[in-house]
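> Input: one structure, supplied below.
Bear in mind that the values in this text are calculations on the coordinates, not laboratory data. All of these numbers come straight from a predicted model, not from anything done at the bench. Cβ: placed from backbone, ideal geometry, glycine included. Neighbour counts: every protein chain shown.
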Amino acid sequence: MTEDALYQARILALARVATGAGLLADPDARVTVDNPLCGDRITLDLAIDGTEVTAIGHKVRGCALCEAAAALIAANAVGATPAHLQTVADAADALLRSGGAAPPDWPDLEAFRPVATAKSRHRCVLLPFEALIEALSSARGDAE
């Protein structure tokens, strides 16, 4: 698959808008996750009121796939419960690995469907979701 096929207009638009770019002043959790294979890195900040996410910020050093996934999360996660966000992260993984469907309330996740055929790029998309789940766990004080 060519890079042009991966970086379709919707992915580039998500990356360009960069919803949630920038770190929060006083987050409940801050995590940094790296992909050593490609060099992508995301720091994700999360504020949560106990039952739902109230704010997300992120700093991405990575490709447009990683930037777009982080922006998609920031655009959709505020107001969501940790359980629902785990379901969305699982759906993102399934979409890439086995052709699963995007949750109805996250239709823009479908923009990443072309990445399914480029297994080496799955982690670029999933890294922000990994950071999100880690931040939710940290904010709740889950044991490592």
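> Run the numbers for SER120 and ALA75: contour at 0.36 nm per residue of separation, minus the present Cα-Cα distance, in nm.
Separation in residues times 0.36 nm, less the Cα-Cα distance, equals 13.6 nm.
> Averaging sequence separations of C-alpha pairs under 8 Å and six or more residues apart, then dividing by the length of the chain, give the relative contact order as a whole percent.
Numbers: 255 pairs, mean separation 40.1, N = 144.
Once normalised by length, the contact order is 28 percent.
> Tell me, CYS124, CYS38 in order of fewest to most beta-carbon neighbours within 10 Å?
So the ranking, lowest neighbour count to highest, is CYS38, CYS124.
> First measure r as the distance between the Cβ atoms of LYS59 and ALA83, then evaluate 1/(1 + (r/R0)^6) with R0 = 25 Å and state the FRET efficiency to the nearest 0.05.
Working: r = 26 Å, r/R0 = 1.05.
So the FRET efficiency works out to roughly 0.45.
> In vacuum, with every alpha carbon of the chain counted as one equal point scatterer, what does the Debye formula give for log10 I(q)/I(0) at q = 0.15, 0.18, 0.20, 0.22 Å⁻¹? Two decimals, please.
-0.67, -0.98, -1.21, -1.46
> So, one more: Please give the contour-minus-distance gain from SER137 to LEU37: 0.36 nm per residue of separation, less the Cα-Cα distance, rounded to one decimal in nm. The partial results should precede the final answer.
On the way: separation 100, 0.36 × 100 = 36.00 nm, distance 2.47 nm.
Gain on extension, SER137 to LEU37, equals 33.5 nm.
> Where in the chain are the helices, taken as whole DSSP H runs, whose Cα atoms extend 20 angstrom or more along the long axis and whose Kyte-Doolittle mean reaches at least 0.5? Present the calculation step by step, with values, prior to reporting the outcome.
Numbers: long enough: 82-98 (23 Å, 0.19); 122-140 (27 Å, 0.64).
Those that clear 20 Å and a mean of 0.5 are 122-140.
> Once fully extended, how much extra length lies between ASP93 and ALA13, figured as 0.36 nm per residue of separation less the alpha-carbon to alpha-carbon distance?
So the chain would gain 26.7 nm between ASP93 and ALA13.
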